[in-house]
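See structure below.
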Amino acid sequence: MITRSLLSIIMVVAATFGAAATDLFHIEDFNIEPGQTVQVEILLDNEVQYTAFQSDLYLPEGLALEAQSVALTDRKVDHSIATSVLADGGIRMMSYSMSLQPYGGNSGALVTFRVTADEAFTGPVTIQLRNTRFTTLQGREIPFESTSCTVNAVALVQRGDVNGDGQVNVSDVSILINNLMSGNEAALNPQAADLNGDGGVNITDVSLLINLIMSAV
């Protein structure tokens, strides 16, 4: 006969494993230009609270990890993170809290790192997270499923070449201003028109485009 205390323990363990089965440590697919450096986020979607984790990051040929770029986001409390290179080329990440505090929140980026694509990068390639294990508040180690994301190469776009004719000149300024005045930003190539790389196209980009043309040799 199962006692009430034993039944309670079984229910707690079952709940922990059931919730952990839905938890995910993963990277979303992204694009990168040859020669470009981008910041990548590792997301933790979790129902269970965790105080520590270990995971092995595998980058494909053509992508290089920027030295000492692996960092925790503001979901940390007093957590720290360390990395080491494995014999098979993987990067092992280990994070923990000395006071056994759980990471904050239940979704969003937990770790970020920066990668640079080779000048000859073509894609698509795959980044993998393997051997992932998280530690619960109760000290139980929970294995996570391995995950992967696809990295695609995008064509290198010349900044300022709004009309795509292979040159940056006053025609691009005219087109950029006309499109902004009409509010039809969809007609622009966002990569070419966003000269300051802030994710938007506005009058600041017009000013930068004019300066670029005036300073061209």
Going through region 53-74 in order, the residues found to be surrounded by fewer than 20 Cβ atoms within 10 Å (Cβ to Cβ), under 20 Å from L137 (Cα atoms) and over 15 Å from the mean Cα position of the chain (by Cα) are Q54
Checked pairs for region 87-112, first free of Cβ contacts under 8 Å to residues at least 60 places away in the same chain, second part of a loop (DSSP other than H, G, I, E, B) and polar (S, T, N, Q), C-beta under 8 Å and 6 or more apart or across chains, list as P102/Q49; Y103/N46; Y103/Q49
Scanning region 124-151 residue by residue, the ones that are assigned to a strand (DSSP E or B) and farther than 16 Å from L100 by Cα total 14
Within region 75-108, restricting to residues that are out of contact with any strand residue (DSSP E or B) (no Cβ under 6 Å at 6 or more places or on another chain) and of a type in the set (D, E, K, R), the one that is surrounded by the most Cβ atoms within 10 Å (Cβ to Cβ) is K76
Exactly one of N211, N196 is surrounded by 13 or more Cβ atoms within 10 Å (Cβ to Cβ) and not hydrophobic (A, V, I, L, M, F, W, C), and that residue is N196
When you scan region 150-169, do you find a residue that is in contact with a Leu (Cβ under 9 Å, 6 or more places away or on another chain), closer than 30 Å to V85 by Cβ and surrounded by 14 or more Cβ atoms within 10 Å (Cβ to Cβ), even just one? yes
So, first residue more than 15 Å from N179 (Cβ to Cβ) in region 202-214, second residue at pLDDT below 90 and among the basic types (K, R), Cβ within less than 7 Å, six or more apart or across chains; the pairs are none
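The values are calculated or read from the model by the stated rules, or taken from the named source; none is laboratory data. Model, not experiment: these values are computed from the prediction. Heads up, the Cβs are rebuilt from the backbone with ideal geometry, glycines too, and the neighbour counts pull from every protein chain shown.
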